[in-house]
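Taking it in order: structure first as structure tokens, then the write-up.
The values are calculated or read from the model by the stated rules, or taken from the named source; none is laboratory data. Owing to the predicted nature of the structure, the values given are computational and were not obtained by experimental measurement. Ideal geometry is used to build each Cβ from the backbone, glycine not excepted, and the neighbour counts take in all protein chains shown. Heavy atoms of the whole protein, side chains included, go into the accessibility calculation; ligands, DNA and RNA do not. Shrake-Rupley method; radii C 1.70, N 1.55, O 1.52, S 1.80 Å.
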Amino acid sequence: MKLFIDTGNIKDIERLSDIGIIDGVTTNPTLLAKEPGDYRDNLKKICGIVKGPVSGEVTATEFAGMMTQGHDIAKIDQHMVVKVPLTKEGIKACKALSGEGIRVNVTLCFSPAQALLAAKAGAYFVSPFVGRLDDVGTNGMELIREIVEIYDNYEFTTQVLVASARHPIHVIEAARLGADIATCPATVIDALFNHPLTNIGLEKFLKDWDAAHAVKA
Ligand code: G3P
């Protein structure tokens with residue numbers, strides 16, 4: 001399973017990419033609005049760091065505007081993926097942009113029916129939001145199970161990108177269900193590394209090593 005970082009923060013992207021476990025980046029208007037500087041320059045920098053798919057979202061809500069912004073985003077860098085919302089206009093733009101060879105991430109997906117439409121429109125990624133479903137008392141991971149089942153039935157090539165992942169359990173469940181990608185904030189990726197027994201074990205190994213060498217010396 002691929003792991004993406006869900007942020008527009010260059011420092012976090014650099015820090016985690018340097019470890020070698022980041023395959024791509026997702027952004028949205030909320031995330032990019034938090035960062036200083038021009039968003040196009042920031043996206044260009046991010047592409048240079050990760051050298052993998054970087055999603056940038058349109059803010060237009062009708063087809064023509066989405067197409068103009070989609071072309072503009074795609075021109076930023078070869079790694080850019082154009083994100084469109086799962087609306088009728090967004091699905092139409094997905095179909096048109098995909099037809100031109102531009103990779104599209106259909107975002108704000110909250111149902112298996114919506115995911116089916118994204119796949120039929122040729123989406124490269126579909127982004128079901130698991131955390132936001134959990135927030136309203138619906139099991140987000142159940143949606144992932146349904147989408148993976150539907151896509152497998154018809155061998156759709158659209159990749160399931162688990163978005164709005166809020167904690168390591170979302171990432172583990174995404175991997176168990178066979179999702180293609182999980183995208184998470186930096187805090188969640190940091191949390192994936194942690195286990196108290198690792199720290200305790202390492203401390204003991206080093207202490208034992210030092211003690212043995214102290215005796216010999
Ligand atoms: O980029 C979309 C998504 O991951 C948003 O996450 O935590 O704002 O629901 P969240």
Filter the range 150-171 down to the residues that are more than 23 Å from R103 (Cα to Cα), open to solvent by 90 Å² or more (accessible area, probe 1.4 Å) and part of a helix (DSSP H, G or I) and list them by number. I169
Of (1) in a loop (DSSP other than H, G, I, E, B); (2) surrounded by fewer than 14 Cβ atoms within 10 Å (Cβ to Cβ), T187 fails just (1)
If you check T59, T27, T7, which single one turns out to be within 16 Å of the ligand (Cβ to nearest atom), surrounded by fewer than 14 Cβ atoms within 10 Å (Cβ to Cβ) and either polar (S, T, N, Q) or over 19 Å from the mean Cα position of the chain (by Cα) (or both)? T59
Scan V84, V54 and give me the residue that is touching a His at 6+ places or on another chain (Cβ under 6 Å) and open to solvent by less than 30 Å² (accessible area, probe 1.4 Å). V54
Taking the condition more than 16 Å from the ligand (Cβ to nearest atom), buried (at least 18 other Cβ atoms within 10 Å of the Cβ) and within 28 Å of V188 (Cα to Cα), does C94 pass? no
Name the strands (runs of 3 or more DSSP E) wholly inside the range 1-79 in which the number of residues that are out of contact with any Lys or Arg (no Cβ under 7 Å at 6 or more places or on another chain) and farther than 22 Å from E100 by Cβ is 3 or more. 2-6
Give A118, A96, A182, A123 a once-over and let me know the one that is closer than 18 Å to E57 by Cα and assigned to a loop (DSSP other than H, G, I, E, B). A123
